[in-house]
Each structure stands twice: as structure tokens, then as C-alpha cells.
Amino acid sequence: MSARIVLFGATGYTGRLTARALVARGARPVLAGRSAPALEALAAELGGLPTAVADVDRPASVRALVEAGDVLVSTVGPFTRWGAPAVEAAIDARAHYLDSTGETPFIRRIFESWGPRADAAGVGLLTAFGYDWVPGNLAGALALADAGERASRVRIGYFMTGRGGSNDMSGGTRASIVEALTEPAFAFRDAAIVTERAARHVARFETSPGRWKSAVSVGTSEHYALPRLAAGVRDVEVFLGWFGPASRPLQKLSAAGAPLLAVPGVRGAVRRAGARLVPGSTGGPDAQARERTGSLIFASAHDSVGNELASVRLTGVNGYTFTGEILAWGAVTAAASGLQGTGALGPADGFGLEALEQGCREAGIERT
């Protein structure tokens, strides 16, 4: 018998995508969020689902959502502002947990702070379980498997395909970017997690024959998860290619802004201003807009002197579409006792590489 699935943030943009994907998989999740009328309307639209009202400003109401053995899926972002109550609730209740964050500080907190507590409680935490950053975990894991024991470095790049515009980014994504730019990032270098500013490095990828695109370095779950899969891995590099020609200017802006953000009080002021200007859940691209864009992910494994041992290319659907589908797959699989291990888990060690590859294929991204 499958465990109960609770979807917190169900009426937000990503939450709605996930709710529909869960129902399409035959699940009947509990829809949870702040607004009872919005929850009831969505529940009716999806065939009559149970609902529960909870608010991050009242952590006890979030804790009341889950019981031992449940699976809690959180799409309540920006997660650095609002994500903690759901994680705390899952650990306290001994429920498995998945979220849709892509935010560097929150990912780090999951692995370094909440992960040990979840391990002691006997539950799994799967953070960043959406387009940010499941495809790179899959591509990197496949490249490591192909490369074998000589693999020492993994290099990953994320790119969009098709034609999208500024309106094709959700309010939650905009708010998350603001949050991320005010906090230090990290990387896995010389076999250790190290702190570094966002966009410190710029790399170029050949996205099609003879065509190269730039991407900036980002801190992601791959830095924590991929070294677990191959003992010889000493470096993990992940790059985001959403900014195109603006990658170099973004790198310079990051370098110039880092000293300013270190001044006492400045970081908090910037974050408060960002919260006012970019409030978060303000919708996102509709189905027609999502169909105009797709995903392209690269991973390569290298030996200790830089020789490429293996490369992997993934292609597929728009990132938002993928996020809703892969969260639904992960929740249903975890509810059916398909989660391996406890504590903070990566996608591959959490579900196994073969199952993860199949799940991503079902969600719309696969190896090509």
C-alpha cells in the first residue's frame, strides 16, 4: 500500500503543475497551502482531492500536515525565505521529503544541517528535485558510469533550446534568482565542498556543431551527490547557460558585488528590497509558451590530467514541465517504498541510476 502524499504549495505555479502530474499518475495527494478557497477550487478541478490549510508563518500548521510514513512535497519558494518549516515538519514527523528548489544556500543547508537529522530520524530528503538539478545529476551519473574508475572530474552544463522570452520565467524563479545572487555559492574542488561566489567561472560548451555558448558556474546538488557515486571524483563543475552573451558581464557583476555584500547590513537590505520587488508566486508560462522551449544538458567525465573519458547529452521538454512531472514521479516512487537510504540524498543514490533514468524519461528528458 502506498504512503500518503502531501503537496505543500499546491496552488502556486509549480504546485499546480505537480498536482496535475500526480493525478495523471493515479495519485490522490492532499493539497496544502494558505488559501482555503484556492485549494478547494483546485481540488474540484482535479476530481475532488483532500485539502489542508497551512502557512509557513505558523510552523505548527505545517507540522500538522504530515504523519510518520507520509511523503511531503514542497513547492513553497523562495526556499531561503519560506522553505524551512516543511523540512522541519518532515523530519519531526518521520516523513520523506522532496522539494523544487534550485537555490544554492537552501541546498547546502539540506545536505549539511538537515541531512544528518533526517538520517537519525530514518527519512530521506531529496532537495532540488526538479529541473534544478535532477537532469545534471542524471547526466553526470551516466558519464561516471561510462568512464569507470579513472574518472576524476565531472563537468555539467544546462541550456535551453527553442525561443523563449522574459515572460517565460515564473515569478518564483525570478525571486529565487534574487535570493541566490545575495548569497555565497559553492563547488566541489579537490575532494571538498568549498565556498565561492556565484558566477565565479565562465565556460563554453559546443551546443551544436560549430556553435558555442557560454555558461556561468553555479552551486547545485550535483556537488554533493555525484562524488558519492565514484570514489575517485575530486572535482565537480556545474554551469548554467541561461544568460548567453550576458555570462561574462554577470561574472564581472558578481566579482564587483561580492565585497559590497560583505558589508554588515547590506546583504539583508538587498534581500528585503528583492522581496518587495520580486514577491515570488506570480504565475509562469502557460502550456503553449512552455512548448516553445526545451532542455539541453551536457555532462562529461575526465581523468586526472583532463582527458575526456565519457560524455552524455540529454534533451527534452521545458524545465517547468519537467519539474512538475519529475516531482510527481519522485513522490509516487517514494510513497511506494522506492526510496533508497536516509538523510540528504541525491537523485541517483536516492532512487538508483536505472530507476532515475526511467523516471526522467517519463518526465520528458532523456539521453540522446
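The values are calculated or read from the model by the stated rules, or taken from the named source; none is laboratory data. Keep in mind it's a predicted model, so treat the numbers as computed, not measured. Virtual Cβ from ideal backbone geometry, glycine too; neighbours counted across all protein chains shown. To get the accessible areas, we keep the full protein, side chains included, count just its heavy atoms, and leave off ligands, DNA and RNA. Shrake-Rupley method; radii C 1.70, N 1.55, O 1.52, S 1.80 Å.
What to note about this one:
- Hits in the stretch 233-257 - residues which are of a type in the set (A, V, I, L, M), closer than 25 Å to Arg211 by Cβ and outside any strand (DSSP E or B): Ala246, Leu250
- For first residues located in the stretch 8-23 and over 18 Å from Val317 (Cβ atoms) and β-branched (Val, Ile, Thr), partners that are in a helix (DSSP H, G or I) and modelled with pLDDT of 95 or more and lie 6+ apart or on another chain with Cβ distances below 9 Å form the pairs Thr11/Ala19; Thr11/Ala38; Thr11/Leu39; Thr11/Ala41; Thr11/Leu42; Val23/Ala328.
- Test: residue in the stretch 139-150 that is part of a loop (DSSP other than H, G, I, E, B) and modelled with pLDDT of 95 or more: no
- Restricted to the stretch 195-236, and to residues there that are among the acidic types (Asp, Glu) and open to solvent by less than 80 Å² (accessible area, probe 1.4 Å), the residue that is nearest to the chain's Cα centre (by Cα) is Glu222.
- For Ala139, the stated conditions do not hold, so it cannot be described as touching a strand residue (DSSP E or B) at 6+ places or on another chain (Cβ under 8 Å), touching a residue at least 12 places away in the same chain (Cβ under 8 Å) and open to solvent by 10 Å² or more (accessible area, probe 1.4 Å).
- Any hit, the stretch 5-13, residues being open to solvent by 70 Å² or more (accessible area, probe 1.4 Å) and modelled with pLDDT of 95 or more: no
- Among the residues listed as Ala336, Ala328, Ala344, Ala348, the single one being open to solvent by less than 40 Å² (accessible area, probe 1.4 Å), farther than 30 Å from Gly162 by Cα and either touching a Leu at 6+ places or on another chain (Cβ under 6 Å) or touching a residue at least 60 places away in the same chain (Cβ under 8 Å) (or both): Ala344
- Selection status of Gly77, more than 14 Å from Arg4 (Cα to Cα), open to solvent by 60 Å² or more (accessible area, probe 1.4 Å) and not in a helix (DSSP H, G or I): no
- Qualifying residue in the stretch 60-67 (condition: in contact (Cβ under 8 Å) with a residue 12 or more places away in the chain and in contact with a Gly (Cβ under 8 Å, 6 or more places away or on another chain)): no
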